[in-house]
Amino acid sequence: MSCLFPWSADLKEFVVQRFRNMRWPSVESLAGAVMLFHIVVCPYTKVEESFNIQATHDVLYHRLDIEKYDHLEFPGVVPRTFLGPLVLAMTTAPAVYLCQFLKVSKFLSQYLVRIALGLYVLGAFSLFGNAIKFRFGPDVKRWLYLITVTQFHFMFYMSRPLPNTFALILVLLALAAWIKQNHTQFLWISGAAIIIFRSELAVFLGLILAAEIFSRRLSIGKLLKNVVPAGFFLLGLTVLVDSFLWRRWLWPEGEVLWFNTVDNQSSKWGTEPFLWYFTSALPRALSMSFFLVPVGLALNPYLRPLLIPALGYVLLYSNLPHKELRFIIYVVPVFNTVAATGVAKIWAHRSKSWFKKLVAMAALCHIFGNITCTTVFLFVSHQNYPGGQAMQKLHQLEKPYIAVNLHIDVPAAQTGVTRFTEINPKWRYNKTENILPGSRAILDFSHIFVGDDDILQFYQNTHSVIAKIDSYDTLRVDLRSFPPIRVTTKPKIWILKRNLYVKAS
């Protein structure tokens, strides 16, 4: 072949050199692109995100007119802090006000808010990644990013306005400070995460703190020198700000702690077995990388100080009967770091034998397994916001100048409806609860969202169904089809319009 093409060796060398010198996108850019893709595919929010997304809207659009704030009419089960929404509102205010000036749809502002939150998490994750690079090398950081961006839950929650997501930012910063042995930063940031956003993080970050004190890397004197002023300052900050906005004296996270632990009221929202985090939540969150965590730990025993607090947190937190994956989202970067360390070592030794090359290819192929799992999860999630889709559908069905008085029932409000979706200033949107189906009061509304097909019978003579919103129902395996996974949907929200001959009360 070289006789026929005497320039082939030079061409090969040229191609190899160009390939090596090619400027590839950074791992941070890749993570940002994946985060944006998740937002575009799933732009709506769920009930758990309701307070923070509504509070951010109210700060942006109502500013100091607090009487119009959503939380005063719909306070939720427990109060939440306004400090996270205030930061998001201040961050996005210039872009949101520009959108208002240009008369762009208000729903774009929800995209901007979620992008800003995602960028905050990405920034904190970048500092965590740099700390991992400092401690374990650049290859581990690259694999950490590659593993993380191909998993679903961490990237999905990254832009979700949950208390857990705000706390995640601080946990990542605290972990980065701990890895670099900056105890002052670690103590102050940990205090903010615990006192302001999620009190259960006292278990996770407290285990790290206990290890630092036991190993004498942190003295009791330095601990008290930082913890005492940090505690007074952070507690005072949340009490003052939130008491002003809630119109009563309170410490939001203190009330949440009492509600979940002393009163144990969270179990009303469902309970799971003790080992559920280990048998269900972590395997789903880590996808195929779950199987590489023990490999990484076996290849690098020095990872134990990083992994033990995360394992201890999940184990201790398993004592609470109410469990959700988002409650342990903070440990996912730690587990991924352990898996990334194992993959990096396997990949570095791939040229030593055919067996190690096969093992390295298997480790690489697990990334495609992660992508497959993420594709399924993302497809399901896309179809799991019928309330938001109903709002979009109604604005498409009715002319913007038509007088619309819409009642939004609880199922719709919990699955995607926010004040950002109320895009027509001439329409009236109402979320009043406990209005009896078919009562005279309901006739005041020209349109109704109904999330229970048993209720439709009460509107047979007064309303007409103008649209049905299908949503996720079940996921099942069907080996006779390709792909072998089938997602079935069924109607979850019905959009009703009052008949012309029916008079309002």
Self-check item: Residue check, residue 229 free of Cβ contacts under 8 Å to residues at least 40 places away in the same chain and either in a helix (DSSP H, G or I) or surrounded by 15 or more Cβ atoms within 10 Å (Cβ to Cβ) (or both)
Solution: yes
Practice problem: Write out, first by first residue and then by second, each pair whose Cβ atoms fall under 6 Å of each other, whose residues are 6+ apart or on separate chains, and whose first residue, in segment 468-482, is closer than 16 Å to residue 453 by Cβ while the second is open to solvent by 80 Å² or more (accessible area, probe 1.4 Å) and assigned to a loop (DSSP other than H, G, I, E, B). | Solution: none
Practice problem: Being assigned to a loop (DSSP other than H, G, I, E, B) and within 19 Å of residue 196 (Cβ to Cβ) is the filter; apply it to segment 238-274 and report the residue that is most open to solvent (accessible area, probe 1.4 Å). | Solution: 249
Quiz item: Is there any pair with a first residue in segment 77-88 that is of a type in the set (Phe, Trp, Tyr) and a second that is modelled with pLDDT of 95 or more and part of a helix (DSSP H, G or I) whose Cβ atoms are under 7 Å apart and which are 6 or more apart or on different chains, and what are they?
Solution: 82/55; 82/241; 82/242; 82/245
Self-check item: Of the criteria (1) open to solvent by less than 40 Å² (accessible area, probe 1.4 Å); (2) among the hydrophobic types (A, V, I, L, M, F, W, C); (3) modelled with pLDDT of 95 or more; (4) farther than 20 Å from residue 121 by Cβ, which one residue 108 fails
Solution: (1)
Quiz item: Does residue 209 satisfy the criteria of being within 24 Å of residue 315 (Cβ to Cβ) and open to solvent by 10 Å² or more (accessible area, probe 1.4 Å)?
Solution: yes
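Report, by residue number, each residue of segment 174-190 that is buried (at least 23 other Cβ atoms within 10 Å of the Cβ) and either within 20 Å of residue 237 (Cα to Cα) or free of Cβ contacts under 8 Å to residues at least 40 places away in the same chain (or both).
Passing the criteria: 174, 178, 186, 187, 189, 190.
Within segment 415-436, identify whether any single residue is among the polar types (S, T, N, Q) and assigned to a helix (DSSP H, G or I), and answer yes or no.
yes
Each row is one residue, and each column tells you yes or no for (1) within 22 Å of residue 417 (Cα to Cα); (2) surrounded by fewer than 12 Cβ atoms within 10 Å (Cβ to Cβ); (3) hydroxyl-bearing (Ser, Thr, Tyr).
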position: 448; (1), (2), (3): yes, no, no
position: 452; (1), (2), (3): yes, no, no
position: 458; (1), (2), (3): no, no, no
position: 465; (1), (2), (3): yes, no, no
position: 471; (1), (2), (3): yes, no, yes
position: 477; (1), (2), (3): no, yes, no
position: 487; (1), (2), (3): no, no, no
Quiz item: If residue 492 passes every condition in (1) assigned to a strand (DSSP E or B); (2) open to solvent by less than 50 Å² (accessible area, probe 1.4 Å); (3) at pLDDT 90 or above but one, which one does it miss?
Solution: (2)
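Let me confirm something: among 344, 298, 285, which residue is open to solvent by 40 Å² or more (accessible area, probe 1.4 Å), farther than 14 Å from residue 200 by Cα and small (Gly, Ala, Ser)?
Going through 344, 298, 285 in turn, just one is open to solvent by 40 Å² or more (accessible area, probe 1.4 Å), farther than 14 Å from residue 200 by Cα and small (Gly, Ala, Ser): 298.
The values are calculated or read from the model by the stated rules, or taken from the named source; none is laboratory data. Quantities reported herein were computed from a predicted structural model and do not represent experimental measurements. With ideal geometry, Cβ positions are generated from the backbone for all residues, glycine too; neighbour counts draw on all protein chains shown. Each accessible area value is taken on the protein alone, full model and side chains, heavy atoms only, with ligands, DNA and RNA left out. Shrake-Rupley method; radii C 1.70, N 1.55, O 1.52, S 1.80 Å.
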